[in-house]
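**Q** First the structure, which I've put down as structure tokens, then a few questions once you've had a look.
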Amino acid sequence: MFNIGASELILLLLIAFIVVGPKDLPKVARSLGKAVRSIRGMVAEVKREAGLDELEGEMKDVQHEVQSTLKGADVRSDLRKAEREIDREVSSVKKELNFKDFKNTHQAGGKKQ
């Protein structure tokens, strides 16, 4: 819910310590915790009553379906395979051309035709 890092937490505790004082800080922390739990409970109840829990579940299902469809539609592996095949063919043609060039040079008595 909140993205609070260690440095922010220390700063908040220091401010609370100064404002509230060391004696009342545990009481304030408990009441704050109770308020947060109460608010979370109310939010969960509103979600349940409005059917947002079901909608959230359905949205997660749709998200999983989309991700699996995207994985299935990923053609990168096919493209890499085709690229390797093309590289092999090009290499084969280069070797053949080099061999023909060497053969022609050798037959001509060391002179290239």
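**Q** Search the range 37-47 for residues being surrounded by 11 or more Cβ atoms within 10 Å (Cβ to Cβ) and modelled with pLDDT of 85 or more, and hand back the single one that is nearest to GLU58 (Cα to Cα).
**A** Of everything passing the filter in the range 37-47, ALA44 is nearest to GLU58 (Cα to Cα).
**Q** Could you say which residue among ASP74, ASP61, ASP78 is acidic (Asp, Glu) and modelled with pLDDT of 85 or more?
**A** Only one candidate qualifies: ASP61.
The values are calculated or read from the model by the stated rules, or taken from the named source; none is laboratory data. All of these numbers come straight from a predicted model, not from anything done at the bench. In this analysis, Cβ positions are derived from the backbone assuming ideal geometry, glycine residues included, and neighbour counts consider all displayed protein chains.
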